[in-house]
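Shown next, in structure tokens, is the structure this report addresses.
The values are calculated or read from the model by the stated rules, or taken from the named source; none is laboratory data. Every value quoted in this text rests on a predicted model; they were computed, and no experiment measured them. Here the Cβ positions follow ideal geometry from the backbone for every residue, glycine too, while neighbour counts run over all protein chains shown. For the accessible areas, the whole protein counts, side chains as well, though only heavy atoms, and no ligand, DNA or RNA atoms are used. Shrake-Rupley method; radii C 1.70, N 1.55, O 1.52, S 1.80 Å.
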2 protein chains.
Amino acid sequence: MLNHQTALDRAFQALSDPTRRAIVERLTKGPASVSDLAEPFDMSLPAVHQHLQVLNEAGLMSWDKKGRVRWCRLNAKGLSAAEDWIAQRRALWEKRLDALDRHLKSSG
Amino acid sequence: MLNHQTALDRAFQALSDPTRRAIVERLTKGPASVSDLAEPFDMSLPAVHQHLQVLNEAGLMSWDKKGRVRWCRLNAKGLSAAEDWIAQRRALWEKRLDALDRHLKSSG
């Protein structure tokens, strides 16, 4: 199991690439095989495979093999961890701005 | 103005580094000078400056100079853009899982 910092490093790193975000986007419609996922991209299968590996290692996607086909599916937990990290910081900052605003109004 | 894809690339890239996330964390407590921000890190001022530049170019932080001091503050809008991207995909995927669950129950 990765520690939380490393997991976040990998999740944000994985999401920083537009091809990998497009793969995540496609996977919101449901599980897909590696060749389904490769189809819209002008990219070799090994290159797509490498992106999938990054998403898998980042905990954003899991895959299992059924017969000869490898099926990929999103991992909501991995997405939540990255989302929550940002949401909590943004909320703290906005709370601070609101407090400052109230302070300025009451002392104005 | 960066296009939306590039802005997201940069925002997620910026957040993939633990030092930069620690800087964001610190900035939730309020604006800070570059030397305030550098203080907890065992790192040269130029190295910290470089991290701040990445955060600034990613739209997660802005800075302005007052006299000799450069003040940094979080940019809630930049944080929201990254958070919203993840939240929307996670919501789509969870909605799909719920629909599948209902389908399995009704046909079970």
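Here B:HIS49 sits with roughly 60 square angstrom of accessible surface, probe radius 1.4 Å.
Counting from the shortest, the label point at B:LEU97, 7 Å from Cα toward Cβ, is 3.1 nm from the same position in each remaining copy. Listed cross-link partners A:LYS105/B:LYS66; A:LYS105/B:LYS65; A:LYS95/B:LYS29 are compared with a 20 Å cut-off, the Cα-Cα value being larger for A:LYS105/B:LYS66; A:LYS105/B:LYS65. The angle between the Cα long axis of helix B:4-15 and the longest principal axis of the Cα atoms of chain B comes to about 70 degrees, rounded to the nearest 10.
Interface between chains B and A: roughly 3200 Å² of accessible area buried, both sides summed (probe 1.4 Å, protein heavy atoms only). For the protein assembly as shown, the share of accessible area belonging to carbon and sulfur comes to 51 percent (1.4 Å probe, ligands and nucleic acids excluded). Note on the range B:1-106: with charges restricted to the Cβ of Lys and Arg (+1) and Asp and Glu (-1), its dipole about the Cα centre is near 260 debye. Within the range B:1-22, the residues that become at least 50 Å² less accessible when every protein chain is included than when their own chain is isolated (1.4 Å probe; DNA, RNA and ligands ignored) are B:ASP9, B:PHE12, B:SER16, B:ARG21. Rg of the Cα atoms in the protein assembly as shown, relative to 2.2 N^0.38 Å, amounts to 1.19. In the context of the full set of protein chains, residues of the range A:32-90 present 55 Å² of accessible surface per residue (probe radius 1.4 Å, heavy atoms only). Contact residues in the range B:51-79 by the 40 Å² criterion (accessible area, 1.4 Å probe, full protein complex versus chain alone): B:ALA76, B:LEU79.
Chain A's nearest residue to the axis relating it to B, judged by Cβ and reported with the distance in whole Å, is A:PHE12, 2.
Straight-line cross-link partners of A:LYS77 among the aspartates and glutamates, defined as a Cα under 19 Å from its Cα and at least 8 positions apart when in the same chain: A:ASP9, A:GLU25, A:GLU57, A:ASP64, B:GLU83, B:ASP84, B:GLU94, B:ASP98, B:ASP101. I'd like the orientation of helix A:45-57 relative to chain A: the angle between its Cα long axis and the longest Cα principal axis, in ° from 0 to 90, rounded to 10. Between helix and principal axis, roughly 40 degrees.
Computed from Cα atoms, the angle from the helix A:76-106 axis to the main principal axis of chain A rounds to 20 degrees. Each Cα pair under 8 Å and six or more residues apart adds its separation to the average, and for the range A:18-108 the resulting relative contact order is 25 percent. Debye-formula intensities of chain B, expressed as log10 I(q)/I(0) at q = 0.16, 0.18, 0.20 Å⁻¹, are -0.73, -0.86, -1.00 (one equal scatterer per alpha-carbon, no solvent). Solvent exposure of A:GLU57, expressed as accessible area, is near 90 Å², computed with a probe of 1.4 Å over the protein chains only. Note on A:ASN56 and A:SER33: the model spin-label points, each 7 Å out from Cα along the C-beta direction, lie 1.6 nm apart.
Note on A:LYS95 and A:TRP63: the extension gain reaches 7.6 nm, defined as 0.36 nm multiplied by sequence separation minus the Cα-Cα distance.
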